[in-house]
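Below: the structure, in C-alpha cells.
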Amino acid sequence: MAKTDIGPPNYKNFLPPVIQKNYGKWKHHEILKPGLLKHVAESGDELYTVRVGSGRLLSTDHIREICEIADKYCDGYLRFTSRHNVEFLLTDKNRVDALIAELKSKNYPVGGTGHSITNIVHTQGWVHCHTPATDASGPVKAVMDELYDYFVTMKLPAHVRIALACCLNMCGAVHCSDIAILGIHRTVPKPDHSRVPNVCEIPTTIASCPTGAIRPDPKTKSVVINEEKCMYCGNCYTVCPALPLADAENDGISIWVGGKVSNARSAPMFSKLVIPYLPNNPPRWPETVAAVKNIVEIYAKQGRKHERMGEWIDRVGWERFFRLTGIEFTDKHIDDFTLAPNTFRTTTQFKWG
C-alpha cells in the first residue's frame, strides 16, 4: 500500500543498532570524564558517547565536517541534543581516545557533562525573530567564551543550565533555568495610524493583547493602547505590523536565577528576577557577561556538592544571595518576590483537577 502520511519518519529507524537491540534495557550510565559517557545494557553491550558543544547556528560545511567525523569513528551515528550539543556514539572503546584527540585538534569543545555548564539554549534573536529585545547568538557566544572552562571541566557543585530568550514570550523556556538571560522591551508599541487600517485586522489585534490594553479608535479607524496595562510582550506586533515596539535605546536584558525542572532532592523551581535591566551592548555584551560570570563564580565557591543554584539560594536565603553577589535589590524586584509563591506551579506531580 502506498504511504499517505508524509509526516516525520519514525526516529527508531535511525537509531544505532546497539540502541535498537537494547532499547529500554539499559542497566546503568556513568560519566568517565568530562565529555565522555558510558552506557551499559542488561545484555552486557556497551555504548560510549562523546559530547561536544556546537556553535548553535551551523553552516552546511560545518555539518558536513561533523558527519565526516561520525563516518570515520562512529559508523555514521551521531545525534544533536536539545541543548545544541553534538554527541558521537561509539561501540568500539578503542576508538574513543582517537576521536576525542581529533575533535580537540579541530577546536571542538569536549565537555558539557556532569557538574558543568552545558551548552546554552537560546531563541532566534535578531537573526530571525520579529519581536526580539536582544540578540540571541551574540550574547550567548560572549558568555560561553568567558565560561568555557566550566564547560570542559566538572568542578561546579552541580549542573548549571543557562538559557536565553530574546523576549518575555520565552521560546527558550528561561523560566526554569539556573541562570536565565531574558530580553526585555520597555517601550509601549506606537501605532502607525496611517497603516493600521490597511494592514491590520482590528478585532484580531485587540484579541491578541493578554492584558486588554488595546481598544479600537473609531475616529482614526485604528487602535489606542493603554500604557499602564501594556506588558511589552509584542503579541500585538505579531498580528499587526503597524504596532512596532523595538527600541534600540530602551530594549535590553534582564537576569533571572534559581530555576530548574529536575525533581531530584527538591521540587522544580521557577527562576526569579535578580537584575532588572542591562543594556544591549554588542558585539560582546560586557555587562551581561560580567553579571553571569559573577553569579556563577559566587555559586561555585558557596554551593555544596550536588546543590543546584536554586537550592543553594534557598539554603542561604535571597537576602544573602544579593549581598554575596553584590547585586542591588530594587523596587523592580518586589512583585516577583512577594506574589510569585502563590502562583508558581512547584512540582511535576501537579495535575489539574
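Think of a 1.4 Å ball rolled over the protein heavy atoms: the chain then has 53 Å² of accessible area per residue. Rounded to the nearest 5, the antiparallel percentage of DSSP beta bridges internal to the chain is 85%. Each of Ala242, Ile298, Pro216 was placed along the dipole of region 214-330 (beta-carbon charges, centred on the mean Cα), and the one lying farthest toward the positive end is Ile298. Charge dipole of the chain (Cα centre as origin; +1 on each Lys and Arg Cβ, -1 on each Asp and Glu Cβ, all else neutral): 800 debye, rounded to the nearest 20.
Evaluated with a Cβ-only charge set (Lys, Arg +1; Asp, Glu -1), region 276-336 carries a dipole of roughly 400 debye about its Cα centre, given to the nearest 20. Working value for the chain: equivalent-ellipsoid semi-axes of 40, 27, 20 Å, each the square root of 5 times a Cα gyration tensor eigenvalue, largest first.
When the accessible area of the chain is split by element with a 1.4 Å probe, what percent falls to carbon and sulfur? For the chain, the apolar C and S fraction of the accessible surface comes to 53 percent. When cysteine pairs in the chain are screened for C-beta atoms closer than 4.7 angstrom, the residues that find no partner are Cys67, Cys74, Cys129, Cys166, Cys167, Cys171, Cys176, Cys209, Cys230, Cys233, Cys236. Computing Rg and the Kirkwood Rh from the Cα coordinates of region 95-153 gives a ratio, Rg/Rh, of 1.10. Just to confirm the filter: which trypsin sites (Lys or Arg not before Pro) across region 1-102 are DSSP coil and have at most 14 other Cβ within 10 angstrom of their Cβ? Listed in order of number, the matching sites are Lys3, Lys25.
Go ahead and collect, in residue order, the members of region 131-161 whose backbone nitrogen is under 18 Å from a label point 7 Å along the Cα-Cβ direction of Ala290. Only 139-140, 142-147 pass the distance filter. Only helical runs count toward this figure. For the chain, summing -39,500 (n - 2.57) over DSSP H runs of n ≥ 4 and dividing by all residues gives -7500 deg cm²/dmol at 222 nm. Across region 180-240, Cα-Cα pairs farther apart than 14 Å form 52% of the total. Computed across region 119-261, the Kirkwood radius stands at 16.6 Å (inverse of mean 1/r, all Cα pairs).
For the pair Val261 and Glu328, a Förster radius of 41 Å applied to the C-beta separation gives a FRET efficiency near 0.90, rounded to the nearest 0.05.
Fully extending the segment from Thr60 to His28, taken as 0.36 nm per residue of separation minus the present Cα-Cα distance, adds 8.0 nm.
Fraction of C-alpha pairs exceeding 17 angstrom in region 34-133: 55 percent, rounded to a whole number. Once the gyration tensor of the Cα atoms in region 1-90 is diagonalised, the equivalent ellipsoid follows with semi-axes of 23, 22, 12 Å, ordered largest first.
Seen from Thr113, the other residues with C-beta closer than 14 Å to its C-beta sum to a net charge of +4, counting Lys and Arg as +1 and Asp and Glu as -1.
The values are calculated or read from the model by the stated rules, or taken from the named source; none is laboratory data. Please read these numbers as outputs of a predicted model, since none were measured by experiment. Neighbour counts run over all protein chains shown; Cβ positions are idealised from the backbone, glycine included. Ligands, DNA and RNA are stripped out before the accessible areas are found, and what is left, the full protein with its side chains, is counted by its heavy atoms. Shrake-Rupley method; radii C 1.70, N 1.55, O 1.52, S 1.80 Å.
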